[in-house]
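Structure first, then comments.
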């Protein structure tokens with residue numbers, strides 16, 4: 001999605017801290033985004049710099065790439081899993097976004113994998129839906 005990400009994560013280790021995983025992911029992605037923007041888009045980089053609060057600047061933050069929070073939902077049933085998976089796959093073709101005509105055509109979606117059995121071009125997807133059924 002242009003301004004957010006949807007993920008279904010399966011954590012096999014109950015001791016893993018989801019907040020820490022998301023925090024680290026955002027930090028490493030932010031570093032990469034800032035480095036790429038230094039080469040390609042100084043206007044956007046200035047916008048991200050101006051988004052930092054005075055307190056964030058005092059702590060050494062130079063750019064605000066991500067919002068500080070995220071919305072996590074624990075999946076306890078196959079019905080809820082498929083509800084969320086369908087929502088994620090339908091999001092790019094919703095009236096608000098219209099990023100493609102067919103949900104299986106959106107490059108950054110797993111819909112082609114689940115609907116057509118097509119491998120994703122950029123990542124390996126593991127079908128954990130079978131775990132719930």
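Just so you know, all these numbers are worked out from the coordinates, no wet-lab data involved. Not measured: the values here are computed from a predicted model. Here the Cβ positions follow ideal geometry from the backbone for every residue, glycine too, while neighbour counts run over all protein chains shown.
For (1) in contact (Cβ under 8 Å) with a residue 24 or more places away in the chain; (2) part of a helix (DSSP H, G or I); (3) more than 17 Å from residue 7 (Cβ to Cβ), each residue gets a yes or a no:
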{"site": "23", "(1), (2), (3)": "no, yes, no"}
{"site": "35", "(1), (2), (3)": "no, yes, yes"}
{"site": "45", "(1), (2), (3)": "no, yes, yes"}
{"site": "55", "(1), (2), (3)": "no, yes, yes"}
{"site": "61", "(1), (2), (3)": "no, no, yes"}
{"site": "66", "(1), (2), (3)": "yes, no, no"}
{"site": "80", "(1), (2), (3)": "no, yes, no"}
{"site": "86", "(1), (2), (3)": "no, yes, no"}
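Here's a check for you: in the range 115-133, which residue that is out of contact with any helix residue (DSSP H, G or I) (no Cβ under 7 Å at 6 or more places or on another chain) and within 19 Å of residue 73 (Cβ to Cβ) is surrounded by the most Cβ atoms within 10 Å (Cβ to Cβ)? Show your work before the answer.
To start, the set of residues in the range 115-133 that are out of contact with any helix residue (DSSP H, G or I) (no Cβ under 7 Å at 6 or more places or on another chain) comprises 117, 121-124, 126-128, 130-131.
Now narrow it down to the ones that are within 19 Å of residue 73 (Cβ to Cβ): 128, 131.
On the way: 128: 13, 131: 10.
Of everything passing the filter in the range 115-133, 128 is surrounded by the most Cβ atoms within 10 Å (Cβ to Cβ).
Just to be sure I understand, how many residues within the range 101-118 are without any contact (Cβ under 8 Å) to a residue 12 or more places away in the chain and assigned to a helix (DSSP H, G or I)?
Going through the range 101-118 one residue at a time, the tally reaches 2.
Restricted to the range 88-100, and to residues that are in contact with a helix residue (DSSP H, G or I) (Cβ under 7 Å, 6 or more places away or on another chain) and outside any helix (DSSP H, G or I), which residue is surrounded by the most Cβ atoms within 10 Å (Cβ to Cβ)? Talk me through it step by step, then tell me what you get.
Pass one, the range 88-100, residues in contact with a helix residue (DSSP H, G or I) (Cβ under 7 Å, 6 or more places away or on another chain): 89-90, 92-93, 97, 99-100.
Cutting the leftovers down to outside any helix (DSSP H, G or I) gives us 97, 99-100.
On the way: 97: 14, 99: 17, 100: 14.
Top of the filtered list is 99.
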